[in-house]
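The values are calculated or read from the model by the stated rules, or taken from the named source; none is laboratory data. Since this is a predicted model, take the numbers as computed values, not measurements. So basically every Cβ, Gly included, is an ideal-geometry build from the backbone, and we count neighbours across all protein chains shown. Please note that ligands, DNA and RNA were not included when accessible areas were found on the heavy atoms of the full protein model with its side chains. Shrake-Rupley method; radii C 1.70, N 1.55, O 1.52, S 1.80 Å.
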Amino acid sequence: MNFTADALRYDDARQTNVLTGNVVITKGTMSMRAARVEVRQTADGHQAAVAIGGAGKPAQYRQKRDRVDEHVEGEADRIEYDGRTDTLKLTGNAVIRRYRGEALADEVKGQTITYDNVAEVFAVDGGREAGGRVSGVIAPPPAASAPIPPASAPQEPR
């Protein structure tokens, strides 16, 4: 995990890093941006992070998906990442967007979004804000190219 921030407080006994001010964290193809991020290291070497947005600016997440030209972006007041299960929980004005190449394919909004990157599944809860509703646009998958049948040889008249 790589990071930049305005300040860092490291607690070796608790295996906790608290990063503040313009925080940017990268790990492989995943990146997070927030005003404050707390990163914990478990005894078995996994990392978990809680990112908190700043005044009028949500915490942000972005990750390239494996084996396809797609990436997922999310933003919320609070983002919790669990490295052991590769899951995210976005809370407070949560939005998840999936891009195919540079084109927006899907977007969902709600109070809480749970995203399982391994299973490629997300669940959205409207909460009590906005009347408890979720909203979004989900595009159909790209059309699979149908195989072109081989040209048949010309038939000789009988």
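Exposed loop sites here are GluC sites (Glu not before Pro) assigned a DSSP state other than H, G, I, E or B and surrounded by at most 13 other beta carbons within 10 Å; excluding them, the longest clear run of the chain is 1-101. Across the chain, C-alpha contacts under 8 Å between residues 6 or more apart give a mean separation that, scaled by the residue count, equals a relative contact order of 12 percent. Only protein atoms count toward the accessible area here, which uses a 1.4 Å probe; on the chain, the carbon and sulfur part of that area reaches 51 percent.
Each residue was assigned an accessible area with a 1.4 Å probe, and for Y61 the value is about 10 Å². Relative contact order of region 73-140: 26 percent, from C-alpha pairs under 8 Å at least 6 residues apart in sequence.
Extension gain, I138 to A55: 0.36 nm times the residue separation minus the Cα-Cα distance gives 26.9 nm.
For a quick check, take a GNM of the chain with Cα springs below 10 Å and name the residue from Q41, Q111, Q60 with the largest mean-square fluctuation. Its mean-square fluctuation being the largest, the pick is Q41. At full extension, A103 and A119 could sit 3.5 nm farther apart than now, given 0.36 nm per residue minus the alpha carbon distance.
What FRET efficiency, computed as 1/(1 + (r/R0)^6) with R0 = 41 Å and r the Cβ-Cβ distance, is obtained for V68 and Y10, rounded to the nearest 0.05?
Numbers: r = 37 Å, r/R0 = 0.90.
With a Förster radius of 41 Å, E is 0.65.
Could you provide, to the nearest whole Å², the per residue accessible area of region 50-113 with probe 1.4 Å?
Values: 3100 Å² over 64 residues.
Solvent-accessible surface per residue comes out at 48 Å².
Of all the options T91, T20, T29, the one that moves most in a Gaussian network model of the chain with Cα springs shorter than 10 angstrom is T29. Mean-square fluctuations from a GNM of the chain, with a 10 angstrom spring cutoff on Cα atoms, peak among G53, G110, G132 at G132. Solvent-accessible surface (1.4 Å probe) assigned to L88 amounts to roughly 10 Å².
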